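Below is one structure, written out as structure tokens; comments come after it.
The values are calculated or read from the model by the stated rules, or taken from the named source; none is laboratory data. These numbers come from a predicted model, not from an experiment. Ideal geometry is used to build each Cβ from the backbone, glycine not excepted, and the neighbour counts take in all protein chains shown.
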Amino acid sequence: LRNLAVGLGNAPSTIPVIEALHARRDYPSELVREHVEWALQRHGVADAEG
């Protein structure tokens, strides 16, 4: 899932991409969560950490 988060972070900003990332914000793995937050920030999601 980390690699998917990286891929989605580099993908065009679309609603499905951002929704997919939001769905994994609380994933048990800290590594995955960190990359999901990075990807959300790349898409300009305000306050990606909270």
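Quick one: in region 12-21, which of the residues that are more than 11 Å from Leu40 (Cα to Cα) and either within 11 Å of the chain's Cα centre (by Cα) or not β-branched (Val, Ile, Thr) (or both) is surrounded by the most Cβ atoms within 10 Å (Cβ to Cβ)?
Among residues in region 12-21 that are more than 11 Å from Leu40 (Cα to Cα) and either within 11 Å of the chain's Cα centre (by Cα) or not β-branched (Val, Ile, Thr) (or both), the one surrounded by the most Cβ atoms within 10 Å (Cβ to Cβ) is Pro16.
With the condition being in contact with an Asp or Glu (Cβ under 7 Å, 6 or more places away or on another chain) and at pLDDT 95 or above, I'd like the helices (runs of 4 or more DSSP H) fully within the chain carrying at least 1 qualifying residues.
30-42
Return the pair list, or none, for Cβ contacts closer than 9 Å from residues in region 1-19 that are hydroxyl-bearing (Ser, Thr, Tyr) to residues that are exposed (fewer than 10 other Cβ atoms within 10 Å of the Cβ) and not in a helix (DSSP H, G or I), at least 6 apart or on different chains.
Here the result reads Ser13/Gly44, each pair linking region 1-19 to a residue that is exposed (fewer than 10 other Cβ atoms within 10 Å of the Cβ) and not in a helix (DSSP H, G or I).
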